């Protein structure tokens with residue numbers, strides 16, 4: 001019996017135009033060591049944080065950035081640049097990267113004993129005394145504090161205690177652990193291999209990858225760019241890499257170091273030297289990540305503008321041994337001409353200086369070597385994937401194809417109106433969509449786009465005009 005209906009009904013159909021989903025931009029993925037033993041934090045697990053308090057709660061904090069480079073990133077991103085979110089992966093495993101500290105006497109001052117931050121609280125043993133009864137332990141600042149408890153059996157006139165403990169040993173971490181991989185026994189990934197787990201876990205595209213204190217190693221740098229070039233097999237990012245300032249101590253030596261390390265990919269941005277604010281020394285890659293994120297944010301979450309010639313939060317540039325580096329414009333431009341970003345104090349304070357990725361000057365394709373242009377191509381690609389993923393496996397009809405073309409053109413026109421693109425359009429071209437390909441379910445949409453290049457050279461031509469003499473002085 002046919003369906004019988006008597007009355008008024010309605011139904012809804014899908015909107016023919018898709019609302020664009022904008023990809024994340026300037027989101028950093030950072031691999032390194034953090035003092036997680038002080039907060040019970042995770043090991044080899046991506047953790048997304050939105051602010052300083054969340055980061056310290058999840059990773060712990062110490063000013064000893066040489067041991068704990070993740071803390072350098074926490075300070076820079078949240079204290080100096082106010083950029084969020086950030087995704088961290090801590091490699092330091094307190095159950096693995098540790099060493100025994102021999103028993104010795106420690107002085108008591110005001111009822112407290114100061115032990116190093118590296119001390120593992122659960123391993124502390126005090127000769128003849130019991131934790132929880134005679135003393136308590138807690139982390140504070142740069143120390144593990146042993147506090148003598150009232151009512152315990154430790155005499156008031158005791159001047160020192162005999163203590164032994166195990167301590168975490170960040171120096172035991174190897175570059176292979178930073179690189180990580182997939183363990184077939186535990187079925188778990190580690191290190192940089194966890195890059196691909198960020199989007200499934202948090203739904204964000206972290207387009208900047210950093211390994212401060214490790215990226216100067218050629219093997220780490222190679223894996224960084226390999227992961228950034230194909231995040232989850234579809235998204236694209238950049239690897240921010242530092243030059244080893246113990247090897248390249250003069251600006252003229254940096255291009256040779258770059259060549260020797262085989263750093264020449266459009267997905268790599270190479271930085272030299274280190275930078276300093278007060279007594280704090282930063283990897284330039286760390287400050288660059290903050291500067292890029294802030295610039296992207298100022299442009300509505302879009303990487304259309306170069307971070308070059310914008311202020312850094314520093315007051316000097318240095319080598320690893322503390323030697324101050326003073327670059328003039330010619331020195332800095334020499335580095336730029338070899339695909340190296342630096343810090344320049346020329347007019348208006350210290351700024352990031354350099355628009356080129358590490359592929360320059362070997363690769364002179366503008367969409368590859370200009371950082372902001374290359375990032376725009378990646379950002380547009382990432383946004384298209386996020387927006388039109390829901391269209392996969394829909395019925396491939398003319399209406400579907402036209403709706404994609406129309407909505408992409410509307411979005412690109414919006415970017416042009418906002419001056420994030422000089423021009424852009426999408427075409428569904430007959431020569432790129434053969435009957436056989438269409439039968440196989442493959443549709444190709446050809447996008448033409450031109451991001452604005454940075455005005456890296458501004459020339460004023462001055463000429464003496466004699467006509468002004470006669471005009472001014474003739475009676």
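The values are calculated or read from the model by the stated rules, or taken from the named source; none is laboratory data. Just so it is clear, the model here is predicted, and its values are computed rather than measured. Cβ: placed from backbone, ideal geometry, glycine included. Neighbour counts: every protein chain shown.
Name the residues in the range 258-273 that are within 16 Å of residue 370 (Cβ to Cβ) and in a loop (DSSP other than H, G, I, E, B), would you? Before the answer, list the steps.
Going through the range 258-273, the residues within 16 Å of residue 370 (Cβ to Cβ) turn out to be 264-270.
Passing the criteria: 264, 265, 266, 267.
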**Fill in**
Scanning the range 48-62 residue by residue, those over 18 Å from the mean Cα position of the chain (by Cα) and assigned to a loop (DSSP other than H, G, I, E, B) turn out to be 60, 61, 62
**Message:** I'd like to check something: does the range 326-334 contain any residue that is closer than 24 Å to residue 365 by Cβ, touching a strand residue (DSSP E or B) at 6+ places or on another chain (Cβ under 6 Å) and assigned by TED's automatic domain parsing to the domain that holds residue 364?
**Reply:** yes
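To keep it simple, each residue is scored yes or no on (1) at positive phi; (2) buried (at least 16 other Cβ atoms within 10 Å of the Cβ); (3) assigned to a loop (DSSP other than H, G, I, E, B).
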| position | (1), (2), (3) |
| --- | --- |
| 426 | no, yes, no |
| 448 | no, no, no |
| 453 | no, no, yes |
| 465 | no, no, yes |
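Conditions (1) in the same structural domain as residue 311 (by TED's automatic domain parsing); (2) in contact (Cβ under 8 Å) with a residue 12 or more places away in the chain; (3) surrounded by 15 or more Cβ atoms within 10 Å (Cβ to Cβ), marked per residue:
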position	(1), (2), (3)
56	yes, yes, yes
72	yes, yes, yes
82	yes, yes, no
88	yes, yes, yes
102	no, yes, no
118	no, yes, yes
**Fill in**
Of (1) more than 18 Å from residue 302 (Cβ to Cβ); (2) touching a residue at least 24 places away in the same chain (Cβ under 8 Å), residue 392 satisfies every one except (2)
**Prompt:** Within the bounds of the range 430-446, is there any residue that is closer than 29 Å to residue 289 by Cα and without any contact (Cβ under 8 Å) to a residue 60 or more places away in the chain?
**Reply:** no
**Prompt:** Can you name the residue in the range 408-424 that is under 16 Å from residue 388 (Cα atoms) and in contact with a strand residue (DSSP E or B) (Cβ under 9 Å, 6 or more places away or on another chain) and, of all such residues, is surrounded by the fewest Cβ atoms within 10 Å (Cβ to Cβ)?
**Reply:** 409
**Request:** Quick one: in the range 191-206, of everything that is out of contact with any helix residue (DSSP H, G or I) (no Cβ under 7 Å at 6 or more places or on another chain) and touching a residue at least 40 places away in the same chain (Cβ under 8 Å), which residue is farthest from residue 383 (Cα to Cα)?
**Result:** 194
**Request:** Could you grab me the full set of residues in the range 1-54 that are modelled with pLDDT under 95, at positive phi and surrounded by 10 or more Cβ atoms within 10 Å (Cβ to Cβ)?
**Result:** 26
**Message:** Restricting to the range 335-360, and then to whatever is out of contact with any helix residue (DSSP H, G or I) (no Cβ under 8 Å at 6 or more places or on another chain) and assigned to a loop (DSSP other than H, G, I, E, B), can you tell me which residue is modelled with the lowest pLDDT?
**Reply:** 348
